[in-house]
Amino acid sequence: MSLQKLSRREMLERSMFATAAAIAARHVIEPVAHAQESSVPSNTIRVAITGVNGRGGSHISELKKRKGAEIAAIIDVDEAVGQRNCDALEKELGRRPAFFTDIRKCLEDKSIDAVSIATPNHWHSLAAIWSMQAGKDVYVEKPVSHNVSEGRRCVQVARKHKKICQTGTQSRSEQGMRDAIAFIHAGGIGEVKLARGLCYKRRGSIGPRGVYEPPKTVDYDIWSGPAPLKPVTRPKFHYDWHWQWDYGNGDLGNQGIHQMDIARWGLQVADLGEGVLSYGGRLGYEDAGETANSQVCIHKYGDKRLVFETRGLPTPNYKGAKILETEANKGAGVGVIFYGTEGYVIMPSYSSGIVFDKDGKVVKEFKGGGDHFGNFLAACRSRKHEDLNADILEGHLSSALCHLGNISYRLGQQIPVAAIKERLANDVEALGTFDRFSEHLTENKVDVADTKGYFGLDLTLDGKKEIFTGSHADAANPMLTREYRKPFVVPAEKDV
Ligand SMILES: NC(=O)c1ccc[n+]([C@@H]2O[C@H](COP(=O)([O-])OP(=O)(O)OC[C@H]3O[C@@H](n4cnc5c(N)ncnc54)[C@H](O)[C@@H]3O)[C@@H](O)[C@H]2O)c1
């Protein structure tokens, strides 16, 4: 922590030096040095924000006006994006942050206390791990990982290096959500055996697959990082990586992770469960995207189920059950529905929950916002990860559920969508969910008899050990990790 006050001129010189150093070092590959553990921050927490094109902009707005935090550096492999944000901050605050294109260079600066990460998903865990190994606390966007194993590694690094690591699932700090979840945990709707996550969010085609040039201002080697260095095959470089497996996790791991997290939180399950089955497809258009735009995942926890529905084609909100089909119930599009023996709770937003009794009458409502970044900064000061509302362990478990769904899906067999029904045996809940899935596709002019989707492998798990078991283990276990492209390698457990 640097407590010294620098003059504006010194600041400018410092940032110009940092910028020049970063440009000179663009292609230099060095391992990250393990810095000494930082002490308890007592004054301003100096933060480096990593990846500032979209969500990183919100990190900037969240941090720039806070007492007790300073945006000390911006890191972005797109020099144009990074410098634009530095310009804007300098104009607004009269102080220009240092700029880096390579996170490793920034991590050498011992005066940086914390790193916030809003890069594409395939960089999240590695950036978080390197940052913590270099002595920094971390705020890492959701999903915290691109695969199950690197998420667990993040948890191990955080604990070993005694670092604070907050997940960017901000619902966890919203008072309305916290109260609604506490109500469910206290038995407010009786016993809850089913949670349904909904990610009904329109996603159009991203344009034709082809070979495209990355923007000239991007260091594409670092952008690719742990992923294979391949030609760009999507027309829009930023953001649309979400829909390509090397970098993203589809909408399940994009919007869906927020609702997956709420569903798992409400169900009070703290491992990866006993099994997962997923089906769906990228239906309704052909484009450069690879991930499903229509998908169902069923996670099994003993007699509890977490069912997750992703729909990228137009669809109305879902009200939850026949008994809830009333005028008063607006249902949810991006939300979660809990089914209890004594009633239901629908979370139609990040910060609210509506309680219905068994007859479908509204009996209670929870509302209210929160301060997720404030919670992070407070925990950086207290040095207690228990003070975090979304500790990395929670982020890892919920992100992992998204990855498991995608593993089942990707190992699946292509069959006509209508034929999926026959494979679902006599599970009433699964059949009901499939019928609604199929009707929705028909409404969107997808011929379910003729169009093929993926019927995923029905996978069994040791949810505590975080490995697949059973007859499909050999096919599924390698997908818990990835082949890392050197030097962008998530360290083995023994090397954390
Ligand atoms: N919590 C939320 O509500 C929320 C909302 C939106 C997005 N997100 C998450 O934020 C992340 C970023 O999303 P986005 O829409 O801003 O994506 P984006 O592609 O628009 O922006 C990512 C930025 O990161 C930069 N980048 C890539 N690799 C980098 C690296 N190694 N070091 C530094 N910079 C790097 C890119 O150049 C780009 O400027 C995603 O993981 C997404 O899931 C969270």
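The values are calculated or read from the model by the stated rules, or taken from the named source; none is laboratory data. These numbers were taken from a predicted model, which means no experiment stands behind them. Methodologically, a virtual Cβ is constructed for each residue, glycine included, from the backbone with ideal geometry; neighbour enumeration extends over all protein chains shown.
So, in the stretch 119-166, of the ones that are among the aromatic types (Phe, Trp, Tyr) and not in a strand (DSSP E or B), which residue ends up surrounded by the most Cβ atoms within 10 Å (Cβ to Cβ)?
Trp123
Quick one: in the stretch 382-426, of everything that is touching a helix residue (DSSP H, G or I) at 6+ places or on another chain (Cβ under 9 Å) and free of Cβ contacts under 8 Å to residues at least 40 places away in the same chain, which residue is surrounded by the most Cβ atoms within 10 Å (Cβ to Cβ)?
Out of the qualifying residues, it is Leu424.
Of everything in the stretch 138-184, what is touching a strand residue (DSSP E or B) at 6+ places or on another chain (Cβ under 8 Å), among the charged types (D, E, K, R) and over 21 Å from Gly57 (Cα atoms)? Give them in sequence order.
Listed by number, the residues that qualify are Lys163, Asp179.
What number goes with the only condition from (1) within 21 Å of Asn389 (Cβ to Cβ); (2) within 16 Å of the ligand (Cβ to nearest atom); (3) out of contact with any helix residue (DSSP H, G or I) (no Cβ under 6 Å at 6 or more places or on another chain) that Asp179 does not pass?
(2) is the only condition that Asp179 fails.
I want to confirm something. Restricting to the stretch 241-276 and keeping residues that are of a type in the set (Phe, Trp, Tyr) and in contact with a Gly (Cβ under 8 Å, 6 or more places away or on another chain), which single residue is farthest from Glu309 (Cα to Cα)?
In this case the residue turns out to be Trp241.
So which of Ala227, Ala182, Ala186 ends up being under 30 Å from Arg104 (Cβ atoms) and aliphatic (A, V, I, L, M)?
Ala227
Answer yes if at least one residue in the stretch 321-331 is in a loop (DSSP other than H, G, I, E, B) and touching a residue at least 60 places away in the same chain (Cβ under 8 Å), and no otherwise.
So far as the stretch 321-331 goes, no, none of its residues is in a loop (DSSP other than H, G, I, E, B) and touching a residue at least 60 places away in the same chain (Cβ under 8 Å).
Taking strands (runs of 3 or more DSSP E) that fall entirely within the stretch 254-315, which contain at least 1 residues that are within 16 Å of the ligand (Cβ to nearest atom)?
It comes to 304-311.
If we only count strands (runs of 3 or more DSSP E) wholly inside the stretch 32-118, which ones have 2 or more residues that are closer than 26 Å to Gly370 by Cα, modelled with pLDDT of 95 or more and within 16 Å of the ligand (Cβ to nearest atom)?
The qualifying strands (runs of 3 or more DSSP E) are 45-50, 69-75, 114-117.
Just give me the residues in the stretch 243-273 being farther than 18 Å from Ser171 by Cα and crowded, with 21+ Cβ neighbours inside 10 Å, in sequence order.
Result: Trp243, Gln244, Tyr247, Gly248, Asn249, Gly250, Leu272, Gly273.
Is one or more of the residues making up the stretch 88-96 buried (at least 21 other Cβ atoms within 10 Å of the Cβ), on the phi < 0 side of the Ramachandran plot, in contact (Cβ under 8 Å) with a residue 24 or more places away in the chain and in contact with a helix residue (DSSP H, G or I) (Cβ under 9 Å, 6 or more places away or on another chain)?
Scanning the stretch 88-96 turns up at least one residue that is buried (at least 21 other Cβ atoms within 10 Å of the Cβ), on the phi < 0 side of the Ramachandran plot, in contact (Cβ under 8 Å) with a residue 24 or more places away in the chain and in contact with a helix residue (DSSP H, G or I) (Cβ under 9 Å, 6 or more places away or on another chain).
Taking only the stretch 228-243 into account, find how many residues are under 9 Å from Ala288 (Cβ atoms) and part of a helix (DSSP H, G or I).
2
I'd like the residue in the stretch 449-476 that is surrounded by 20 or more Cβ atoms within 10 Å (Cβ to Cβ) and of a type in the set (A, V, I, L, M) and, out of all such residues, is farthest from Leu313 (Cα to Cα).
Filtering the stretch 449-476 for residues that are surrounded by 20 or more Cβ atoms within 10 Å (Cβ to Cβ) and of a type in the set (A, V, I, L, M), the one farthest from Leu313 (Cα to Cα) comes out as Leu461.
Let me spell it out: the conditions are (1) aliphatic (A, V, I, L, M); (2) in contact (Cβ under 8 Å) with a residue 60 or more places away in the chain; (3) in a loop (DSSP other than H, G, I, E, B); (4) under 22 Å from Arg305 (Cβ atoms), and Ile206 meets all of them except one. Which number is the exception?
Failed condition: (4).
Might you check whether a residue that is touching a Pro at 6+ places or on another chain (Cβ under 9 Å), closer than 24 Å to Gly395 by Cα and more than 10 Å from the ligand (Cβ to nearest atom) occurs anywhere in the stretch 134-148?
The answer is yes; a qualifying residue exists.
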